[in-house]
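The values are calculated or read from the model by the stated rules, or taken from the named source; none is laboratory data. It should be emphasised that the depicted structure is a prediction, and the values quoted were computed from it without experimental measurement. Reconstructed Cβ throughout: ideal geometry from the backbone, glycine too, with neighbour counts over all protein chains shown. Heavy atoms of the whole protein, side chains included, go into the accessibility calculation; ligands, DNA and RNA do not. Shrake-Rupley method; radii C 1.70, N 1.55, O 1.52, S 1.80 Å.
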Amino acid sequence: MTRLFRIFSRNRKQARGFKIKPHQLNVYQEVQSFLLENSNAIRAIHLDRKSELQMALSSQIKNRLQQFGHRYNLEEGVEISDGCFPFEMDIEHAVHFVRASVRRREQIESFVSKFDHRLDVFYEDLCADQGGVLARVCKFLGVEPEPGMKSQFVKIVDRDYREYISNFDDLCREIRGTEFADHLPEIDARAGQQ
């Protein structure tokens, strides 16, 4: 807590930040309290996904990468290990994760709605227009963007999901019977644009 306070109270001409995930809000109650007590002085950036189903696919693919010793975010030029893909996805777990992500989204939405200064950013928009989104973030934070500012990380899934998930069609059939069936056309049409 002391470290968080020191970071927060330093020179305010620079943007400082950290990431907190929804499940951490309950674990770190003192951090949550500190942030809410200072909500009028904090600029919250809420990074979200447009589709719970795409978030579930990303999570399963991330877990597979980690099983093969990769970091979740791959830097440019890093090759994915042979045998990592395609893999058979645990369909029941994926559907459960989609439902749980709705609850997590509601929890985080409730939390960030308490901040006076808030910017919503969607991962899909960041991938489609990194420069434009980063310019919006810099403007929101009151800092100047650096020339050529961009992430050194690359999208992991850049092709059809079927190249990564061997039972993707089975997953789609299972999803058709759930409340998330309306996400399927986007997933199928944008397969690989996770």
Practice item. Name the lysines eligible as straight-distance cross-link partners of residue 150: C-alpha to C-alpha under 26 Å, and not fewer than 8 places from it in the same chain. Key: 13, 19, 21, 50, 62, 139
Point to revise | Virtual spin-label span in nm between residue 90 and residue 78, 7 Å along Cα→Cβ | key: 2.3 nm
Revision key, fill the gap. In whole Hz, the Karplus estimates of ³J(HN,Hα) for segment 92-104 (6.51, -1.76, 1.60; θ = phi - 60°; x where Gly or Pro) are 4, 5, 4, 5, 4, 4, 4, 5, 5, 5, 5, 5, 5
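For segment 23-81, what % of the accessible area comes from carbon and sulfur atoms, probe 1.4 Å?
43 percent
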Practice item. Please work out the ratio of the alpha-carbon Rg of segment 28-144 to 2.2 N^0.38 Å and round it to two decimals. Key: 1.29
Check your understanding: Label points 7 Å out from Cα along the Cβ direction at residue 18 and residue 104: separation in nm?
Key -> 1.9 nm
Check your understanding: Given H placed on each backbone N at 1.01 Å, which residues far from residue 45 in sequence or on other chains put an amide H within less than 5 Å of it?
Key -> 119
Practice item. Sum up the charges of everything whose Cβ sits under 15 Å from the Cβ of residue 99, counting Lys and Arg as +1 and Asp and Glu as -1, but leave residue 99 out. Key: -3
Exercise for review: For every other residue with a beta carbon closer than 14 angstrom to the beta carbon of residue 63, add +1 if it is Lys or Arg and -1 if Asp or Glu, then tell me the sum.
Suggested key: +1
Point to revise | FRET efficiency, residue 67 to residue 178 (Cβ-Cβ, R0 30 Å, nearest 0.05) | key: 0.70
Review point. Semi-axes, largest first, in whole Å: what does sqrt of 5 times each Cα gyration tensor eigenvalue give for segment 57-114?
Key: 28, 17, 6
Exercise for review: Report, in whole Å, the centroid distance computed from the Cα atoms of segment 94-144 and segment 36-54.
Suggested key: 5 Å
Point to revise | Total formal charge among the other residues, if their Cβ is under 14 angstrom from that of residue 37, Lys/Arg +1 and Asp/Glu -1 | key: -1
